[in-house]
1. Could you say which residue among 119, 112, 145 is at pLDDT below 90, farther than 27 Å from residue 317 by Cβ and either in contact with a Phe, Trp or Tyr (Cβ under 7 Å, 6 or more places away or on another chain) or small (Gly, Ala, Ser) (or both)?
2. Of all residues in region 12-35, which are out of contact with any helix residue (DSSP H, G or I) (no Cβ under 8 Å at 6 or more places or on another chain) and not in a helix (DSSP H, G or I)?
3. Looking at region 123-215, what helices (runs of 4 or more DSSP H) fall wholly within it and have at least 1 residues that are among the β-branched types (Val, Ile, Thr), in contact (Cβ under 8 Å) with a residue 60 or more places away in the chain and at negative phi?
4. Would you check which residues across region 108-125 are surrounded by fewer than 23 Cβ atoms within 10 Å (Cβ to Cβ), under 20 Å from residue 166 (Cβ atoms) and in contact with a helix residue (DSSP H, G or I) (Cβ under 6 Å, 6 or more places away or on another chain) and list them?
5. Pick from region 36-57 the residues that are outside any helix (DSSP H, G or I) and not aromatic (Phe, Trp, Tyr): which of them is surrounded by the most Cβ atoms within 10 Å (Cβ to Cβ)?
6. Of all the residues that make up region 219-250, how many are closer than 18 Å to residue 273 by Cβ and touching a Gly at 6+ places or on another chain (Cβ under 8 Å)?
7. Only one of these is touching a residue at least 40 places away in the same chain (Cβ under 8 Å), on the phi > 0 side of the Ramachandran plot and under 26 Å from the mean Cα position of the chain (by Cα): 266, 300. Name it.
8. Within region 318-362, restricting attention to residues that are surrounded by fewer than 14 Cβ atoms within 10 Å (Cβ to Cβ) and of a type in the set (Asp, Glu), which residue is farthest from residue 192 (Cα to Cα)?
Amino acid sequence: MSGTARADGFADAQRAYVRGDYDGALRILSAAAEANDVNAQYMLGWLRLEGWWSPIRVDASEGIKWLQAAAENNDARAQFRMGDLYRVGQYVPRDEAKAFAWYLRAAMNGDAYSQGRVARAYLYGYGIARDTDQALHWYRKVAEAGLGDAAEQLGYIYTYGYIYANTDKVSVVSPDEGEALRWFLKAAANPHFRDVEPLEYIATFYDKGLGVAKNRSEALRWYERAAQGYAPYAQYQLGVAYELGDGVARDFERAFEFYHRSADKGFRPAHYRLGLAWLRGEQGPVDVILALKSFVLATGRSGDRKELDAEFAAFPDLYPIRYRALDPSAYRQAVKDRDALTATMSRAQITAADDLADAFELEPPPPPQIH
């Protein structure tokens, strides 16, 4: 069958399917697939696997047969789908090595999503021996193609220099804040990108002069952009800016609005600042119960901070973004303030504060975005 005939047959099958002639669509697709029409093989494979809201009988073995035929015919879509099926074990036994092999073939054919899967496989050792150089190669390829989540991943890799694979800490590159900022900015420039945490990193890099000259106005611009989403660190930083009049006109009402928004998302420094405000009467009458509640939420009830303090020593400027926690010095002061206040309160007041802390409901993050 000629290429034109195959294309016409596939188009005929599509038209039959749209008008509800499912038997006709299946008959035309089957003939075209047997004649090695890769588009027909791909569509027939998915019809047999999923049915696509039609009365066509689902047949997993037939579906895999035709989807694999399309993949063997070098169709990147089918190669990517075969990789997905082996990765999750749907219709076929789960096999990460086979999944990787199909993703790699699709990646070599230019499929950007498969390239992302290959990068991740090399980074974490999924179905292939870990190879961080190959991981970076493929992540760069995907990021340059405009997929924001790959650029974001590169931003984190260059920020910290390592990843965690299960419980193993794996060195990838030497930390490079300038390179991290470049990739975060590329991710943020993607019009379909909706994650806000990279925006917090961009703001902090400008604020602290990490990999770029300090620029407070640019930092505030990025904090403002991040604060429109689920960004407790950015909201806290804006609270500080408005409270102190640092780069913006001083505005206590706006400051505490941001502190509350940040605290609602569980950001411990915001809880501590609100506790001080209740204790000092900055939000109305002094309220020791609300103050203690905030101190408890800021410090937690566990005193084990070894791991957190070690991370702070390694990345002091980035620590609050990553861990949403008080730095070691602020934590020690918050514990002192909590314990000193507790010593002045009655048992009934302490119980009331503990009950309020226990009843605190974290504002849930939005559902993940699909890029």
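1. Working: 119 fails: at pLDDT below 90; 112 fails: at pLDDT below 90.
Exactly one of 119, 112, 145 is at pLDDT below 90, farther than 27 Å from residue 317 by Cβ and either in contact with a Phe, Trp or Tyr (Cβ under 7 Å, 6 or more places away or on another chain) or small (Gly, Ala, Ser) (or both), namely 145.
2. Matches in region 12-35: 19, 20, 21.
3. Details: elements: 132-144, 148-160, 177-189, 197-208.
It comes to 148-160, 197-208.
4. Start the filter on region 108-125 by keeping residues that are surrounded by fewer than 23 Cβ atoms within 10 Å (Cβ to Cβ), which leaves 108-113, 120, 123-125.
Filter once more, keeping what is under 20 Å from residue 166 (Cβ atoms): 120, 123-125.
Residue satisfying the conditions is 123 alone.
5. As a first pass, look at region 36-57 and keep what is outside any helix (DSSP H, G or I): 36-37, 51-57.
Then keep just the ones that are not aromatic (Phe, Trp, Tyr); that gives 36-37, 51, 54-57.
Details: 36: 13, 37: 26, 51: 15, 54: 14, 55: 8, 56: 18, 57: 10.
Ranking the candidates gives 37 first.
6. Number of matching residues: 2.
7. Working: 300 fails: touching a residue at least 40 places away in the same chain (Cβ under 8 Å).
From the options 266, 300, the qualifying one is 266.
8. Applying the filter and picking the extreme gives 339.
The values are calculated or read from the model by the stated rules, or taken from the named source; none is laboratory data. The shown structure was predicted, so the numbers you read here are calculated from the model rather than taken from an experiment. Glycine also receives a Cβ, built like all others from the backbone with ideal geometry; neighbour counts cover every protein chain displayed.
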